[in-house]
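Report on the structure given below.
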Amino acid sequence: MKLVTFANEHDPERLGVLEGKRVIDLSAGMKRLGLDRNFPSTLLGFLEGFERNRRLVRENWSRLTAGEWVFDPAHVRLRPPLPFPRGFRDFYAFERHVRAIHEKSGKAIVPEWYEIPVFYFSNHNAMKGAEERIEFPPECRSRDFELEVAAVVCREGKNIAVEEAENYLGGLMILNDWTDRDIQAKEVKVIGPAKSKDFATSLGPWLVTLDELAGKRTEPGKYDLAMVARVNGRQYSRGNLRDIYWSFCQMLAFASRGTTVYPGEVLGSGTVGTGCILELGAEKYGWLESGDIVELEVEGLGVLKNTIA
């Protein structure tokens, strides 16, 4: 399923499924058909009862696909699949990207990177959806995108074993970790990425459940999905999710060590190799400017497009 959060003239946040050229309002359909009057109307609510809710949708799919709760996508506005995730950890999991960034400063990758899947927390209240305009801090001159994929937690757990972690993942979506490189260049000398990231992160355009990606699964938590970034129609980046060093299962197991994770938390992959201007070279590509259109495309996950304000 392609799960979406959409807004219409009556409600700013509704849970839907995108199916072809239709957006199906699951909660409205379930209620009006008398199937479940308490079916969740948000993706967060859906994730909190993930297996039961997904089963109910599948069992009644033919009845849900026709009715006044079915919309033309042109008549609704897609929002981030999770407008307000419960939390957002962004990892640093692609070796090619890590190596390239270190080489720019004349350093080797530290051995500890191969020992644990490191991450930082970012602002889970600053999520943007497809087609939304992105506002960088006004003084920022080094504006950058980052081509990533995100996984979403669908079950509560603590000290999750790597072998069990896939059962706690509800699906994948595209993530753009916008970055103010001016601030980042200073703050990472002190503590790590924080203020350079907290103004905006794009998610979407939908969350694809893992069963829909089964044919692309190479091992638990890893998928063979081509990843591309374009700016104003020009291809900047190309990579593949299968090249990730740390799988999403390893990321989740580490995140849950001594800590409870909850449905609706987001785990970012970190930047794929070639997936940002910092790595590619601003001297060749230039930083993003007002009016630039950035498109991130991931096989099976759609296209996430934003314009720089």
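The values are calculated or read from the model by the stated rules, or taken from the named source; none is laboratory data. Owing to the predicted nature of the structure, the values given are computational and were not obtained by experimental measurement. Note: ideal-geometry Cβ built from the backbone for every residue, glycine included; neighbour counts use all protein chains shown. Surface accessibility is based on the protein's heavy atoms, side chains included, excluding ligands, DNA and RNA. Shrake-Rupley method; radii C 1.70, N 1.55, O 1.52, S 1.80 Å.
Got at least one residue in the stretch 60-76 being of a type in the set (Lys, Arg) and over 30 Å from Glu156 (Cα atoms)?
Yes; the residues of the stretch 60-76 include at least one that is of a type in the set (Lys, Arg) and over 30 Å from Glu156 (Cα atoms).
Report, by residue number, each residue of the stretch 1-16 that is more than 22 Å from the chain's Cα centre (by Cα) and either outside any loop (DSSP other than H, G, I, E, B) or surrounded by 14 or more Cβ atoms within 10 Å (Cβ to Cβ) (or both).
Asn8
Can you pull out the residues in the stretch 256-293 that are within 21 Å of Asn306 (Cβ to Cβ), open to solvent by 10 Å² or more (accessible area, probe 1.4 Å), of a type in the set (Val, Ile, Thr) and out of contact with any helix residue (DSSP H, G or I) (no Cβ under 8 Å at 6 or more places or on another chain)?
Ile293
For the stretch 17-60, please list each of the helices (runs of 4 or more DSSP H) lying entirely inside it that holds at least 3 residues being surrounded by fewer than 18 Cβ atoms within 10 Å (Cβ to Cβ).
50-59
Could you check the stretch 238-254 and list, in sequence order, the residues that are in a helix (DSSP H, G or I), surrounded by 20 or more Cβ atoms within 10 Å (Cβ to Cβ) and either in contact with a Lys or Arg (Cβ under 9 Å, 6 or more places away or on another chain) or small (Gly, Ala, Ser) (or both)?
Within the stretch 238-254, Leu241, Phe248, Cys249, Met251, Ala253 meet the criteria.
I'd like the residue in the stretch 255-282 that is of a type in the set (S, T, N, Q), in a loop (DSSP other than H, G, I, E, B) and within 26 Å of Ala165 (Cα to Cα) and, out of all such residues, is farthest from the chain's Cα centre (by Cα).
Thr259
Which condition number in (1) at pLDDT 95 or above; (2) of a type outside the set (Ser, Thr, Tyr); (3) closer than 28 Å to Leu203 by Cβ; (4) surrounded by fewer than 16 Cβ atoms within 10 Å (Cβ to Cβ) is the one that Pro138 fails?
(1)
Using the structure shown, decide if Ile183 is more than 19 Å from Leu301 (Cα to Cα), in a helix (DSSP H, G or I) and either hydrophobic (A, V, I, L, M, F, W, C) or open to solvent by 40 Å² or more (accessible area, probe 1.4 Å) (or both).
yes
Considering only residues of the stretch 1-25 that are in contact (Cβ under 8 Å) with a residue 40 or more places away in the chain and of a type in the set (A, V, I, L, M), which is nearest to Ala74 (Cα to Cα)?
Per the stated criteria, the residue is Val23.
Failed condition for Gln235, given (1) part of a strand (DSSP E or B); (2) touching a residue at least 24 places away in the same chain (Cβ under 8 Å), with all others met?
Against the list (1) part of a strand (DSSP E or B); (2) touching a residue at least 24 places away in the same chain (Cβ under 8 Å), Gln235 comes up short only on (2).
For the stretch 115-134, enumerate the residues that are farther than 16 Å from Pro80 by Cα and either surrounded by fewer than 19 Cβ atoms within 10 Å (Cβ to Cβ) or without any contact (Cβ under 8 Å) to a residue 60 or more places away in the chain (or both).
Glu115, Ile116, Val118, Tyr120, Phe121
Tell me, yes or no, whether the stretch 214-222 has at least one residue that is touching a residue at least 60 places away in the same chain (Cβ under 8 Å) and not in a loop (DSSP other than H, G, I, E, B).
Yes, the stretch 214-222 contains a residue that is touching a residue at least 60 places away in the same chain (Cβ under 8 Å) and not in a loop (DSSP other than H, G, I, E, B).
What number goes with the only condition from (1) touching a residue at least 40 places away in the same chain (Cβ under 8 Å); (2) in a loop (DSSP other than H, G, I, E, B); (3) of a type outside the set (Gly, Ala, Ser) that Lys189 does not pass?
(1)
Quick check: anything in the stretch 54-64 more than 25 Å from Lys31 (Cβ to Cβ) and among the polar types (S, T, N, Q)?
no
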